[in-house]
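First the structure, in the form of structure tokens, and then the observations on it.
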Amino acid sequence: YHLTGIDLSHTNISHPIHAGTFANNKDLGFMSLAYTQIQAVEAGAFPGSFEHLWLTGCGLTCAELEGVDGALPSGARCTDEGVCGAIFGMAPLGNGLCNEKSDPLYNKAACLRDGGDCAGE
């Protein structure tokens, strides 16, 4: 198995995410830090394959994060509004299958159309 998504939302995380924290997980593509107290992410924290970070209701905004050179790998995106609230969370995002039958929320913008696996509404 490959860890492709981590949902740390609604946790008591407040310390910065340091360089290298997740960088060795080459399959990690999605993470939610929504509704945490995280204040900073250092450059090099995520692998180059990383695709999307949710910061909704967080102590850090996407605009602030994007102002830190290298905090997100090239091409990675950030969201301050909404979260993927589908039944299995981010676990199946980007696995090559549209998981809309498990939960229609996977084919919505908040779940990134199942990480690109679903065609859209």
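A few comments on the model shown:
- Residue within the stretch 77-87 that is farther than 19 Å from Thr11 by Cβ, open to solvent by 30 Å² or more (accessible area, probe 1.4 Å) and acidic (Asp, Glu) present: yes
- Cβ separations smaller than 8 Å between residues 6+ apart or across chains give the following pairs from the stretch 59-81 residues that are part of a loop (DSSP other than H, G, I, E, B) to residues that are surrounded by 15 or more Cβ atoms within 10 Å (Cβ to Cβ) and small (Gly, Ala, Ser): Leu60/Ala40; Val68/Ala40; Gly70/Gly44; Ala71/Ala45; Pro73/Ser49.
- Residue in the stretch 82-93 that is more than 15 Å from the chain's Cα centre (by Cα) and either of a type in the set (Lys, Arg) or more than 13 Å from Leu112 (Cα to Cα) (or both) present: yes
- Criterion: open to solvent by less than 40 Å² (accessible area, probe 1.4 Å) and either over 19 Å from Gly75 (Cβ atoms) or charged (D, E, K, R) (or both) - qualifying residue of Thr36, Thr61: Thr36
- Within the stretch 2-26, the set of residues being open to solvent by 70 Å² or more (accessible area, probe 1.4 Å) and either part of a strand (DSSP E or B) or not β-branched (Val, Ile, Thr) (or both) comprises His2, Leu3, Asp7, His10, Asn12, His15, His18, Asn24, Lys26.
- Whenever a residue of the stretch 82-99 is within 10 Å of Asp7 (Cβ to Cβ) and in contact (Cβ under 8 Å) with a residue 12 or more places away in the chain, its partners that are acidic (Asp, Glu) and open to solvent by 40 Å² or more (accessible area, probe 1.4 Å), lying with C-beta atoms within less than 6 angstrom and at least six residues away or across chains, give the pairs Gly89/Asp7; Met90/Asp7.
The values are calculated or read from the model by the stated rules, or taken from the named source; none is laboratory data. These numbers were taken from a predicted model, which means no experiment stands behind them. Glycine also receives a Cβ, built like all others from the backbone with ideal geometry; neighbour counts cover every protein chain displayed. For the accessible areas, the whole protein counts, side chains as well, though only heavy atoms, and no ligand, DNA or RNA atoms are used. Shrake-Rupley method; radii C 1.70, N 1.55, O 1.52, S 1.80 Å.
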